[in-house]
1. Filter the range 335-366 down to the residues that are among the small types (Gly, Ala, Ser) and under 26 Å from Arg378 (Cβ atoms) and list them by number.
2. Under 6 Å between Cβ atoms, at least 6 apart or on separate chains: pull out the pairs that start in the range 588-599 with a residue that is modelled with pLDDT under 65 and end on any residue that is open to solvent by less than 100 Å² (accessible area, probe 1.4 Å) and of a type in the set (Gly, Ala, Ser).
3. Filter the range 729-764 down to the residues that are of a type in the set (D, E, K, R) and touching a residue at least 24 places away in the same chain (Cβ under 8 Å), then identify the one that is farthest from Leu635 (Cα to Cα).
4. Quick check on this structure: which one of Asp573, Asp599 is on the phi < 0 side of the Ramachandran plot and under 34 Å from the mean Cα position of the chain (by Cα)?
5. For the range 625-635, does any single residue satisfy the condition of being under 30 Å from the mean Cα position of the chain (by Cα) and either part of a helix (DSSP H, G or I) or surrounded by fewer than 18 Cβ atoms within 10 Å (Cβ to Cβ) (or both)?
6. Which one of Val455, Val497 is farther than 16 Å from Ser409 by Cα and at pLDDT below 95?
7. Would you confirm whether any residue within the range 387-397 is outside any helix (DSSP H, G or I), free of Cβ contacts under 8 Å to residues at least 60 places away in the same chain, open to solvent by 10 Å² or more (accessible area, probe 1.4 Å) and β-branched (Val, Ile, Thr)?
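The values are calculated or read from the model by the stated rules, or taken from the named source; none is laboratory data. Worth saying up front: this structure is predicted, and the values here are computed from it rather than measured. Counting neighbours? That spans all protein chains shown, and the Cβs are built from the backbone with ideal geometry, glycine included. For accessibility, only protein heavy atoms count, side chains too; no ligands or nucleic acids. Shrake-Rupley method; radii C 1.70, N 1.55, O 1.52, S 1.80 Å.
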Amino acid sequence: MDVNKTTAEDRTPPAERLDDHLTLYPHLVDRILRQILIELHERGAVSIDQVYDEARAAAGNEERSAGNPNVAEAPRGDQRERDLVNALTRKYAEQYFSAHEIDEIVNLALKREEADKLRAIVSLGSVSFRLLCDTVKRFCSLPEGETQLAPDEAMGVRVGLIRHLISDQLEFIAVAKKYLRIRDFEEIIQRIIGAEAGMGRIGGKAAGMFLASRILLGPKVRPYSDSSRPAEPATPAAGPPPVTDASVVIPESYYLRSDVIEDFIAFNGLGEYQNQKYKSSEDIRKEYPLIKSVFRNAEFPSGIVDRLRGVLQRLGDSPLIVRSSSLLEDRFGTAFSGKYASIFVANQGSFEKRLKALLGAIAEVFASALGPDPLLYRRENDLIDYDEDMAVLIQRVVGSRFGNYFAPSFAGVAFSRNEYRWSPRIKREDGLMRIVAGLGTRAVDRIGAEFPRMVALGMPTLRHESSVAEIKTRAQRTLDVINLAKNRLETISLDMVLEHAADFPMLDRIVSIDSDGMLTPPMGTFIDAKPSQLYITFDKLMSEGSFPAQMKNLLRKLELAYGVPVDVEFAHDGTQLYLLQCRTLSQREDAGHVPIPADVPEERTIFTAQKFIRSGLVENVEFIVYVDGRAYDALPTRVKRTAVARLIGRLNEKLSGRNFILMGPGRWGSNDIRLGVPVSYADISKSRMLIEVAYERDGYVPEVSYGTHFFQDLVEAGILYLPLYPNDRRNRFNETFLHDSPSSLTELVPDAADMVEIVRVIDVPAVSGGKSLRIVMNGDEDKALAYLADDGGR
């Protein structure tokens with residue numbers, strides 16, 4: 001490098017430029033000159049020792065001592081010597097640096113000054129948001145420049161900012177500090193809502209989304225610098241190609257800090273509800289509807305309302321989603337999947353009406369922190385004493401308008417590891433995607449009689465259905481959308497979408513046409529078919545274009561950064577892919593090879609299965625809680641079916657500490673009570689295994705539920721899952737044992753006599769002469785066997 005070179009664009013003499021800076025920043029003269037001296041030394045222009053030796057000689061001071069480690073190299077210099085060092089530094093700066101280089105060095109000195117202030121502030125245990133915000137803004141107001149802070153200088157500030165504004169979890173910090181620059185926090189603080197004198201974090205969901213977006217920015221982010229144009233972090237040769245900010249973005253987002261809920265509770269005198277977590281599960285469940293009502297009708301501090309008015313003005317009348325972002329949510333090891341509320345707000349009507357709806361949604365998200373599912377989940381995971389605060393994420397809904405409706409073209413959830421491989425050609429590390437048309441609610445919740453498309457990202461066209469008839473039976477034919485005219489979330493049929501096909505992006509890539517017993521994607525973008533012929537298959541999206549590869553690469557890049565498997569939620573508006581959430585993927589330990597016994601007598605066999613098996617072993621099962629499908633189907637009202645779920649919850653508590661499994665019709669945890677028992681996590685948390693029984697004559701169809709919030713609950717709680725198909729002739733199903741064995745229901749729950757024909761509790765040792773139930777599952781062979789075993793498992 002020619003340090004004497006001056007650019008054609010800037011002919012200002014270096015000495016004049018340096019004098020300008022020293023005049024502008026008189027309080028930083030020593031720091032600026034010290035930085036210039038360091039640069040002279042590091043660039044090989046003149047060494048620090050040479051400058052000090054010259055100054056010492058000119059001042060007539062004693063020369064340095066050399067060679068004796070017990071004698072100081074030189075006595076401490078006096079003021080005259082220090083003045084001479086500064087003068088020599090200015091002389092050599094004029095000789096070796098251009099005006100532009102002087103600017104860069106001074107800018108680095110200024111950044112170091114502001115970084116020192118930031119470091120001092122973030123090291124404080126308690127600091128106001130206003131002070132932290134102002135200091136971050138001062139740092140970010142400086143030009144980024146070409147010369148950056150050293151990694152060790154920036155790292156401490158990054159960690160401090162992460163702790164104060166995002167998360168205090170060490171595992172998260174270890175990843176985030178590599179990818180979040182100091183300047184990234186300006187974007188966060190500009191969108192944070194909370195009292196200026198307070199301090200809180202943006203919560204787990206917002207944290208995961210924001211970090212993932214920065215990881216995926218690729219070449220525009222260097223993990224260990226604070227530049228805007230550095231190189232991408234080193235990636236192994238076998239890693240994915242870069243995923244840039246042009247391919248993945250996050251929706252416009254605003255962050256209600258975690259301390260706002262404390263202000264809300266104090267403002268309304270609701271402190272009594274802070275002790276809900278210590279109450280019995282029955283009291284928590286019983287009081288939750290009242291708490292929701294109280295919170296929805298409570299008031300917000302005026303300062304928060306004013307800030308939310310400003311947010312609403314910026315967002316206009318775009319549909320919104322108000323999402324939970326608890327401090328405990330989406331953490332490493334505890335995802336809290338689906339435990340808290342997320343509320344869609346159509347955001348239509350007068351400004352005051354829209355503001356009222358927004359405040360009501362926020363209050364309902366606050367209340368959800370006191371619901372039975374999160375509180376009992378916390379209890380199960382020894383988090384009940386954690387001082388949890390609920391932050392809230394307010395986002396513009398991804399999508400476009402078609403007629404009176406609003407929705408994304410498609411949305412879903414994707415996983416960097418695929419635990420349900422329906423073909424030996426599918427690789428676990430290629431990942432899995434659940435994708436639906438419209439809002440992504442159907443991808444993460446168990447809704448209705450339709451199913452998301454399951455996509456093995458390494459082989460996206462390979463379906464797990466075995467026939468066209470099965471594809472049609474399982475295919476999605478309705479969409480969740482926001483009705484802008486009625487100001488609410490609702491479900492519409494495909495024919496209503498077809499009426500506005502021109503305004504629904506990528507419809508030709510989403511649907512297939514049923515013709516002559518075949519399902520074929522439209523040839524072009526125009527769809528010439530009747531609504532009754534259309535099925536949502538995503539066949540064209542999977543076979544043409546790069547979307548599956550994009551998702552696969554995105555997941556691999558995030559897994560590489562996190563160091564563990566991840567899952568993401570996403571939405572696509574027909575033009576742009578949006579990242580909505582990212583968290584570490586809950587995984588149960590690999591059971592290894594579990595051999596299936598070959599010599600079990602038929603009279604000891606309870607059931608066998610040969611579809612969607614994951615390896616696992618459940619031994620010494622004492623109780624089987626069995627819901628009879630035909631009896632459940634005969635229940636005439638929603639109230640009675642919901643009562644079955646509540647009874648399962650009571651049995652879950654009564655059998656706590658005992659080895660028991662749950663068996664029932666269709667889909668456990670479905671939002672549609674016609675398709676299965678509508679239990680929640682709190683109702684099944686103590687069971688060892690959950691089994692879904694599908695009788696063709698009953699119309700029940702178990703879902704391969706990998707990827708739903710319900711399934712994530714099972715994984716985190718260590719509850720194994722198995723679907724059974726009794727009508728499959730290859731399988732055995734001992735219904736006589738399940739239906740005719742004596743039931744212990746009323747011994748456990750005396751007031752449940754009216755349920756004895758619907759819910760049966762089989763005490764296995766008592767009815768089998770001291771045997772226990774053993775369930776063996778071999779995922780490699782796709783086989784499972786449940787049988788009565790003697791002591792020792794034989």
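1. Across the range 335-366, the qualifying residues are Ala335, Ser337, Gly338, Ala341, Ser342, Gly360, Ala361, Ala363.
2. Qualifying pairs under 6 Å: Ala591/Ser615; Ala591/Gly616.
3. So the residue we want is Arg730.
4. Asp573
5. no
6. Val455
7. no
Here's the yes/no breakdown for (1) closer than 26 Å to Leu216 by Cβ; (2) surrounded by 15 or more Cβ atoms within 10 Å (Cβ to Cβ):
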site: Glu101; (1), (2): no, yes
site: Glu113; (1), (2): no, yes
site: Ala120; (1), (2): no, no
site: Val157; (1), (2): yes, yes
site: Asp168; (1), (2): yes, no
site: Ile192; (1), (2): yes, yes
site: Ala197; (1), (2): no, no
site: Gly203; (1), (2): yes, yes
